[in-house]
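Below: one structure, written as structure tokens.
The values are calculated or read from the model by the stated rules, or taken from the named source; none is laboratory data. Keep in mind it's a predicted model, so treat the numbers as computed, not measured. FYI the Cβ positions are ideal-geometry reconstructions off the backbone, even for glycines, and counts take in every protein chain you see.
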Amino acid sequence: MRTYQSASQPANDSMNDRSRLPAKMHNVQYEYDIRYAMQLCRWILKPIGIWHLIYGRSTQNEKLLSLILILACFSGLCFVLVPAGPYTLLREKDINVKVKLFGPVGFCLTSAIKYCFLGARVSAIGRCVEHVENDWRVVRYQDHRKLMLRNALIGRRLTTLCVIFLYTGGMSYHTIMPLSAKTKTNDSFTSRPLVYPGYDLYFNPQASPTYEIIFCMHCLSAMIQYSVTTAACSLAAIFATHACGQVQILMRLLNDLVDGKRTKGTVEDRLSSITRHHVRVLRFTANVEKVLHEICLMELVAATLIICLLEYYCMMEWANSDAVAIFTYFILLISLTFNILIFCYIGELLMEEYGKIALAAYEINWYDLPGHKAIDLVMIITMSNYPPKLTAGKFCDLSLNTFSTVLKTSVVYLNLLRTVTQ
């Protein structure tokens, strides 16, 4: 059953390959499909001001609102970094307290850097979003559309899991920990704990309502940090699962190459269509890797160090018999571990799908192709032996093997940290 009807395509393609798409056909349900695929990503990117800058049909007022939101978000991050950074590095003399502050301050710093990378890549991200929308418009058959919807569902589930884990672990740290901590009383002086210190140089952070305002600002800053992290994860999940769907469609086209039961035209026409589709999805994956490799590098480095610190915090609080702190740190440890696992799983999933192309090309009845047409499949098989990969700064591939390396490295750093602080 076809999902096409006649329509005219826009004239220009910012990715320089729209001419390779079918000229007068499009999916009549593309609006619903695009909204379904991009909905969670849009919800996450809007509050931090990124969505309207990457979306090509945003109005000037929406773009102005995005700039205001970006300024507000950076102000929230700086509200934490400006006092807490110098305090942690220069003023705090207790090594145990200093190490305890490295985790939250370091996560805030890496979140600010990732936010900068997202802002610097808005044009490239916008081109990837446009590519996804074009693929939904020109999907040819109902079973192809179902493949894309199935992969879009995987992307939505990965994004949902990332949001649940990060916000549950992160917000519990920023709310339960300070509220449940014991206040220190010295005669008439009572000290109420804050997640990020250093404000005493500017004003008295213990006075009311100053303490309550700082506490709320810390919670707001935490929401910004976790929104930036989930935004990066959502983009990776949506783009990678979309590429997987296109690869699965490519394998369906390969299965129809010899018989031509569905695709009309000669063998040359079907092979030309397969080649164009393969080149298009390869180009899309390469663009996604260019957009995300710096963010993935920050995720990998931050995850290795912060997981190490969280393991250390759990051990220290276990020695102090603080059940609330142990539970909070453990939840945060699970959250950040699962977050880097999602990134590595996405990279592994992409490599696995691309690796299936060679097998799909070989398993068709290529020996029934007329003349020497089977030789034309050699290039497709060869290209599938070098699948595109998501990398962390082009230093290492994102895969499940990389995830195990992150965990092993964090344990090594944990042993080093215990030796230094003892």
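Among the residues of region 341-394, those identified as hydroxyl-bearing (Ser, Thr, Tyr), under 20 Å from Ala286 (Cβ atoms) and at pLDDT 80 or above are Tyr354, Thr382, Tyr386, Thr391.
Can you tell me which residue within region 121-179, out of those that are of a type in the set (Ser, Thr, Tyr), surrounded by fewer than 18 Cβ atoms within 10 Å (Cβ to Cβ) and closer than 30 Å to Thr328 by Cα, is farthest from the chain's Cα centre (by Cα)? Residue satisfying both the conditions and the ranking: Thr175.
The single residue among Phe74, Phe107, Phe117 that is in a helix (DSSP H, G or I), in contact (Cβ under 8 Å) with a residue 40 or more places away in the chain, under 20 Å from Ile295 (Cα atoms) and touching an Asp or Glu at 6+ places or on another chain (Cβ under 8 Å) turns out to be Phe117. Here Asp200 clears all of (1) touching a residue at least 12 places away in the same chain (Cβ under 8 Å); (2) in a helix (DSSP H, G or I) except the condition numbered (1). For residues in region 213-269 being small (Gly, Ala, Ser) and modelled with pLDDT under 90, which is surrounded by the most Cβ atoms within 10 Å (Cβ to Cβ)? This residue is Gly260.
Taking the residues in region 185-197 that are surrounded by 10 or more Cβ atoms within 10 Å (Cβ to Cβ) and in a loop (DSSP other than H, G, I, E, B) as candidates, determine which candidate is modelled with the lowest pLDDT. In this case the residue turns out to be Arg192.
From the list Val99, Val82, the one residue that fits, being crowded, with 18+ Cβ neighbours inside 10 Å, β-branched (Val, Ile, Thr) and either out of contact with any Cys (no Cβ under 6 Å at 6 or more places or on another chain) or modelled with pLDDT of 90 or more (or both), is Val99.
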